[in-house]
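Peer 1: Have a look at the structure that comes next, please.
The values are calculated or read from the model by the stated rules, or taken from the named source; none is laboratory data. The structure displayed is predicted, hence computed values, not measured ones. In this analysis, Cβ positions are derived from the backbone assuming ideal geometry, glycine residues included, and neighbour counts consider all displayed protein chains. We work out accessible area using only protein heavy atoms, side chains counted, and drop any ligands, DNA or RNA first. Shrake-Rupley method; radii C 1.70, N 1.55, O 1.52, S 1.80 Å.
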Amino acid sequence: MSVWMEGLSNRSESTRESYQRHFKGFMSFTGMTADQLRQLKYEEDQNEKPWERSKVENLLRGYLQHLEEEGKKNLEGPYYAVRSFFSCNGLRLNMNRGDAPNNHSSEGSSVPTPEGIRRVLNSCEYIRDRAIVLFLKDSGLRASDLPGLKWEDLKPYGAKGFIGFKVVTVKEGVLARGFVGPETAPVLMLYKKKRMEGTRRLPPEDNIEKHPVFALMSHGDQAMKGIVISARLSHIFELAGMREKDVSGHGLRKFWEQNVHAKKESYVKQLNGRALKKSEKAYDWLTRKELFEIYRENYGNLRVLTKTIAKEVKELEERLRREYEQKLGPLQKFAKLLDEDPEIEEKFLNWLRSLSEK
């Protein structure tokens, strides 16, 4: 187990603890110790007969089936924990492509580059989607945590262009006391302004502070579910011509974790809502002001936009204005004609009636 733990040293503490728990379940199911399982796989690999090299793989398949029959929903955790143990010991499990739960996992998503994130941002069809990508990039939250945010939870904090928030994470039930920076804040405010003014499908939102930040396009008082946000992200990645493993919601969280550094890992955990040990809660708890200083010092690492944010927002506002005018133009012309010739309305209706009679 010591070799495995060394191999997981670059993973977060919560991931290491989760992997150990899943692997203990696998050992209990097989009735074998870690050393016995490793030795079994090693001896299998020396066998000249290919059909005699899959005992461990079949044990894992049996374990996953056992968990599924018990009604367990998280099968990806056990699957990748067991594979990780053998991989760190220089042994490779020969699993079939269809063996992975749901045929995919966020464990396979890589950390996106700033260029990759820019490609995704440029592929966003709506300002809401752009705000989602930027918020995940700046906050380190999971997509499943976004539905819990309301506009009243977002407050300017610390320095110009920064916004602070608090939200209880869905996966671990931990309070995240995080921030987003100058690349995200203006887009959020522009998105909020658009909703307050109303759209073709959405009436103006008068009580927006009580509404979810990331809402359905037609119902401002209804939050997007985490699964809907993930599906929307997948669509955007496809538009950007990128595979989901190249950049994903989880990949954006990894990007954040790789670019936010502090003297202690427990400080970073408090920003994006990862569970703390009892000792960390007792001795490493920081004030909001202390967390902000850590975040502000690291924000340069999170920047992905090559232009100044003012220019980015100006261009975005100009594009939205042009789209709005293109849609509104014909109606304005018709309204002008009505003012100039009151009888045109009756002429128009008569023309429609003549069409229906033909």
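Peer 1: For segment 142-167, enumerate the residues that are among the hydrophobic types (A, V, I, L, M, F, W, C), more than 10 Å from Phe179 (Cα to Cα) and touching a helix residue (DSSP H, G or I) at 6+ places or on another chain (Cβ under 7 Å).
Peer 2: In the first step, residues of segment 142-167 are kept if they are among the hydrophobic types (A, V, I, L, M, F, W, C); the result is 143, 146, 149, 151, 154, 159, 162-163, 165, 167.
Among the residues that remain, those that are also more than 10 Å from Phe179 (Cα to Cα) are: 143, 146, 149, 151, 159, 167.
Scanning segment 142-167 gives Ala143, Leu146, Trp151, Ala159, Val167.
Peer 1: Report, ordered by the first and then the second residue, all pairs with beta carbons closer than 7 Å, sequence separation of six or more or different chains, a first member in segment 151-172 that is closer than 18 Å to Gly140 by Cα and without any contact (Cβ under 8 Å) to a residue 24 or more places away in the chain, and a second member that is part of a helix (DSSP H, G or I) and of a type in the set (D, E, K, R).
Peer 2: Lys166/Asp153
Peer 1: Something else about it: Could you list, in sequence order, the residues of segment 17-48 that are among the small types (Gly, Ala, Ser) and over 21 Å from Glu76 (Cα atoms)? Show your work before the answer.
Peer 2: If we filter segment 17-48 for residues that are among the small types (Gly, Ala, Ser), which is where we start, we get 18, 25, 28, 31, 34.
The answer is Gly31, and nothing else.
Peer 1: Taking Gln36 and the conditions (1) assigned to a helix (DSSP H, G or I); (2) surrounded by 14 or more Cβ atoms within 10 Å (Cβ to Cβ), which numbered condition does it fall short on, given that it satisfies the others?
Peer 2: (2)
Peer 1: Here is a follow-up. Has segment 143-152 got any residue that is in a loop (DSSP other than H, G, I, E, B) and farther than 17 Å from Met189 by Cα?
Peer 2: Keep residues of segment 143-152 that are in a loop (DSSP other than H, G, I, E, B), which gives 149.
Cutting the leftovers down to farther than 17 Å from Met189 by Cα gives us none.
Within segment 143-152, none of the residues are in a loop (DSSP other than H, G, I, E, B) and farther than 17 Å from Met189 by Cα.
Peer 1: Can you tell me which residues in segment 166-176 are assigned to a loop (DSSP other than H, G, I, E, B) and open to solvent by 10 Å² or more (accessible area, probe 1.4 Å)? If you could, list the steps in order and put the result at the bottom.
Peer 2: Our first condition is that a residue be assigned to a loop (DSSP other than H, G, I, E, B); within segment 166-176, this holds for 169-174.
The answer is Val170, Lys171, Glu172, Gly173, Val174.
Peer 1: Then there's this: Tell me, which helices (runs of 4 or more DSSP H) wholly within segment 177-277 include 2 or more residues that are open to solvent by 50 Å² or more (accessible area, probe 1.4 Å)? So that I can check it myself, show each step before the final result.
Peer 2: Numbers: elements: 185-197, 226-239, 249-259, 265-272.
Result: 185-197, 226-239, 249-259.
Peer 1: Still on this structure, I have one more. Could you please let me know if Met27 is of a type in the set (A, V, I, L, M, F, W, C), more than 30 Å from the chain's Cα centre (by Cα) and not in a helix (DSSP H, G or I)?
Peer 2: Numbers: of a type in the set (A, V, I, L, M, F, W, C): yes; more than 30 Å from the chain's Cα centre (by Cα): yes; not in a helix (DSSP H, G or I): no.
No, not satisfied.
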